[in-house]
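First comes the structure, then the notes that go with it.
The values are calculated or read from the model by the stated rules, or taken from the named source; none is laboratory data. On a predicted model such as this, the values are computed, not experimentally measured, just so you know. All Cβ positions, even for glycine, are placed from backbone atoms using ideal geometry, and neighbour counts span all protein chains on display. These accessible areas exclude ligands, DNA and RNA; they are computed on the full protein's heavy atoms, side chains included. Shrake-Rupley method; radii C 1.70, N 1.55, O 1.52, S 1.80 Å.
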Amino acid sequence: MLAAVVVLGGARGGGAKAGPGTRSAGGVAQLRVVAAAVLSARMRDLAVASPALGATVKVRLLLPVHYRARPGARWPVLYLLHGCCDTYRSWTRSTDVAALTARSDVLVVMPDGGRAGFYSDWLAGPRWETFHVAELRRILQRDYRASTVMAVAGASMGGLGALAYAARHRGMFRAAASFSAIADTRLSPQESMRYMRLVRSQGENPSHLWGDPRGDAAVWAAHNPYDLAPQLRGTQLFIAVGTGQPGPLDPAGTAASTIESSLAAENAALARRLRALKIPAQFDFYGPGTHSWPYWQRDLHQAWPLLQHALGTH
């Protein structure tokens, strides 16, 4: 696919060319869009120099269908968050989100979240949460006419991000949808260690994320959807997960997914907590299905009516 790339010198495209390390006179990195690539009539890739991350980060956008026809309008926003070890390209690469939203007046935002960023401000390291909910939101409202009406959805690690962001920033997101989400990192000591090993497998020091699961239990709880469940009250919720056994969307001979089966237990715990708290949610515990994109594509379609309703575009 050919792309037209525009290199931007400032937040609105003026001034001198900026690079990832662009800093103000005081030595503080400046938030700015370094470049914007036009991939199609609706698709844009942004390179954003982020002070929170100290790096340039990619963000993919799908513009609302009437974006050009209504130059004075502001648009509701849907964040789509990717899973571990993936990138901002994943949703357009592995689902039909572009076709699904082709007639929609929603600004679809697919930001990079790091290979194992866990949608968090690390104790020592990147501040992904600040980038997504503060810096990127500012750019979207300033340069892409985003409104304050927002929803968020994600798969796997991105599902944790969707639920945690909605809970930690109450009122920011009208709806949150999670597909095979990491829903309870503290379900057991073994579960916590599994995520420590995952972070280490991506070349990071796991203690830099949330610290030690026992010694820093409060930090872990503050980023854990199960513990954050009371703060999801008032948010429209969609929660889907499979059992990990091969299902109807898996090729013949597919092995069982131990990742999905462990996440099924986490999501069952979250569902029990939400029900105990009398917080309504739409659940789709659909039975056989592995930890893979065909199911998240289906989940996205299943969640779409709820997301549209929350965004006011149904």
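Accessible surface area normalised per residue over the chain is 41 Å², counting heavy atoms of protein chains with a 1.4 Å rolling probe.
Of the residues 158, 113, 287, the one that moves most in a GNM of the chain with alpha-carbon contacts below 10 Å is 287.
Net charge of the neighbourhood of residue 154, taken over other residues with C-beta under 12 Å away and scored Lys/Arg +1, Asp/Glu -1, is -2.
Its Cα centre serving as origin, the chain has a Cβ charge dipole (Lys and Arg +1, Asp and Glu -1) of approximately 1040 debye.
A crude spin-label estimate for the pair residue 268 and residue 124, with each label 7 Å from Cα along the Cβ direction, gives 3.8 nm. Of the beta bridges DSSP finds with both residues in the chain, what % are antiparallel, to the nearest 5? Within the chain, antiparallel bridges account for around 50 percent of the total. Sorted largest first, the spans of the alpha carbon positions of the stretch 188-301 along the three principal axes are 44, 38, 21 Å. Cα centroids of the stretch 180-244 and the stretch 105-167: 17 Å apart.
Between 68, 273, 186, the Gaussian network model of the chain with springs among Cα atoms under 10 angstrom shows the greatest mean-square fluctuation at 68. Taking every DSSP helix (H) stretch of at least 4 residues in the chain, weighting each as -39,500 (n - 2.57) and dividing the sum by the residue count yields a mean residue ellipticity at 222 nm of -8500 deg cm²/dmol.
Considering only 203, 211, 159, the mean-square fluctuation computed in a Gaussian network model of the chain, springs between alpha carbons under 10 angstrom, is largest for 203. Can you give the translational diffusion coefficient of the chain in µm²/s, computed by Stokes-Einstein from the Kirkwood radius over Cα pairs at 25 °C and 0.890 mPa s? D, rounded to a whole number, is 123 µm²/s.
When Lys and Arg each count +1 and Asp and Glu each count -1, what net charge do the other residues less than 14 Å away from residue 247, Cβ to Cβ, add up to? Around residue 247, the surrounding residues sum to -3. Neighbours of residue 102 by Cβ distance under 13 Å: Lys/Arg scored +1, Asp/Glu scored -1, total 0. Dipole of the chain computed with +1 at Lys/Arg Cβ and -1 at Asp/Glu Cβ about the Cα centre; of 257, 245, 152, farthest Cα towards the positive end is 152. Using the Cβ-Cβ distance between residue 201 and residue 221 with R0 = 22 Å, the FRET efficiency computed as 1/(1 + (r/R0)^6) comes to roughly 0.40. For residue 99 and residue 30, the difference between the fully extended length at 0.36 nm per residue and the C-alpha to C-alpha distance is 21.3 nm. Placing R0 at 25 angstrom, the Cβ-Cβ distance between residue 233 and residue 284 gives a FRET efficiency of 0.75 after rounding to 0.05. Note on residue 258 and residue 302: their simple-model spin labels are 2.5 nm apart, each label 7 Å out from Cα toward Cβ.
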